[in-house]
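Throughout, read-outs are computed from the coordinates displayed, never taken from laboratory work. Model, not experiment: these values are computed from the prediction. Cβ atoms come from the backbone with ideal geometry, glycine included; neighbour counts cover every protein chain shown.
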Amino acid sequence: MNKRSSTGSGIQPLTSQQCRSARAMLKWSQVRLAAKCGLSEGTIGSFESGRRVPSSAKLAAIRRGLEAAGVVFIDQKAAVTKSGPPRQTMGGT
């Protein structure tokens, strides 16, 4: 699999999980996201499933499309508080 570390424009890379989550928050189908980004549904599907990592230009287009719809991506390091990173709780305990 071809992995890229950034979009080439100083923007943090977009992960497949971020893409799926952002799309779910917007209640968009892969078809709708693809249309908003000017890409194919196959590109979105392959990226979200982990089969492929799109080119940096396509990743940037996906990110721009999501951001234009109101999604805000934050840097995880910037979200760490003085007492450490936010804790996740697991169900059952």
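Side notes on the structure shown:
- Note that the stretch 50-64 has calculated 3J(HN,Hα) couplings of x, 6, 8, 10, x, 4, 4, 5, 6, 4, 5, 5, 4, 4, 4 Hz, one per residue in order, obtained from phi through the Karplus relation 6.51 cos²θ - 1.76 cosθ + 1.60 (θ = phi - 60°); glycine and proline are x.
- Each of the peptides 17-26, 65-74 was scored by the mean count of other Cβ atoms within 10 Å over its residues; in descending order, highest first, they stand as 17-26, 65-74.
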